[in-house]
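Enquirer: Have a look at this one.
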Amino acid sequence: MLDLATLLAISKGLATAVGVGTGGIKGAKLAADLVSWLEDRPLAEDKKEIRAYVQRLNDRRVFYVPLHSERANACVGSLGEVKRWTEEARSKIKHGGLQAALAGIQGNVRAFLDTWQDRPFVQTGNGSDPENLAFLVALGELRGAIRHDLEFIKLLDDKVKLTNIIPPPETR
């Protein structure tokens, strides 16, 4: 059984994904959807697709390498691939909860790229540039937002492996 803190964290991530407060789903509908998504488990085809998708993310260093080791240009390229993979997965998956989580990931990655991909410093990757430091802060925020969606995916399919992005508690 989920504790209240877990449900609140998930609800917050999903609320962001579906646009609560900006004309999207209202709180009561979100709560009803959340219950429905947790009760109606994804079908085998959706599980197969989401596991393959999550494995691709788990292999992307942009989600877990220490921020001081990151290079802006490499991150932007990697996130462009993540955006494409997320769009592909969303076109194949039918489960509402998985769709909402993928929408959250897609929206967060899109917003990040809209803000950062065309900045000149991204090409040089200068670590001492104040704009590069702002980029790394934004990347950390993106990682946190995506982890919420991935935790929800893991609730829907406990066979999902996130060992790089969200290490098991005994290794943290």
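Enquirer: Run the numbers for Ser36 and Asp118: contour at 0.36 nm per residue of separation, minus the present Cα-Cα distance, in nm. Provide the component values of the computation, followed by the final result.
Expert: Numbers: separation 82, 0.36 × 82 = 29.52 nm, distance 4.01 nm.
Roughly 25.5 nm would be gained on extension.
Enquirer: Follow-up. Highest first, please rank the peptides 41-54, 104-117 by the mean number of other Cβ atoms sitting within 10 Å of their residues.
Expert: Values: 41-54: 16.6, 104-117: 18.4.
With the highest mean Cβ count within 10 Å placed first, the list reads 104-117, 41-54.
Enquirer: Still on this model: If Lys and Arg each add +1 and Asp and Glu each add -1, what is the summed charge of the other residues whose beta carbon sits under 12 Å from the beta carbon of Glu49? Write out the running numbers ahead of the final one.
Expert: Numbers: positive: Lys47, Lys48, Arg51, Arg56, Arg90, Lys92, Lys94; negative: Glu45, Asp46, Glu88, Asp157.
Every neighbour counted, the sum reads +3.
Enquirer: I'd like the FRET efficiency for Ala52 and Ala111, computed as 1/(1 + (r/R0)^6) with the beta carbon distance as r and R0 of 22 Å, rounded to 0.05.
Expert: Numbers: r = 25 Å, r/R0 = 1.13.
With R0 = 22 Å, the Cβ-Cβ based efficiency is 0.35.
Enquirer: Mind giving me the nanometre distance, one decimal, between the label points for Val65 and Ser91, set 7 Å out from Cα along Cα→Cβ?
Expert: If labels sit at Val65 and Ser91, their model points lie 2.9 nm apart.
Enquirer: Using a Förster distance of 25 Å, how high is the FRET efficiency between Glu81 and Asp158, based on the Cβ-Cβ distance and rounded to 0.05? Display every interim value, and only then the final one.
Expert: Working: r = 26 Å, r/R0 = 1.06.
After rounding, the FRET efficiency stands at 0.40.
None of the figures in this text is laboratory data; all of them are computed from the coordinates on show. Owing to the predicted nature of the structure, the values given are computational and were not obtained by experimental measurement. With ideal geometry, Cβ positions are generated from the backbone for all residues, glycine too; neighbour counts draw on all protein chains shown.
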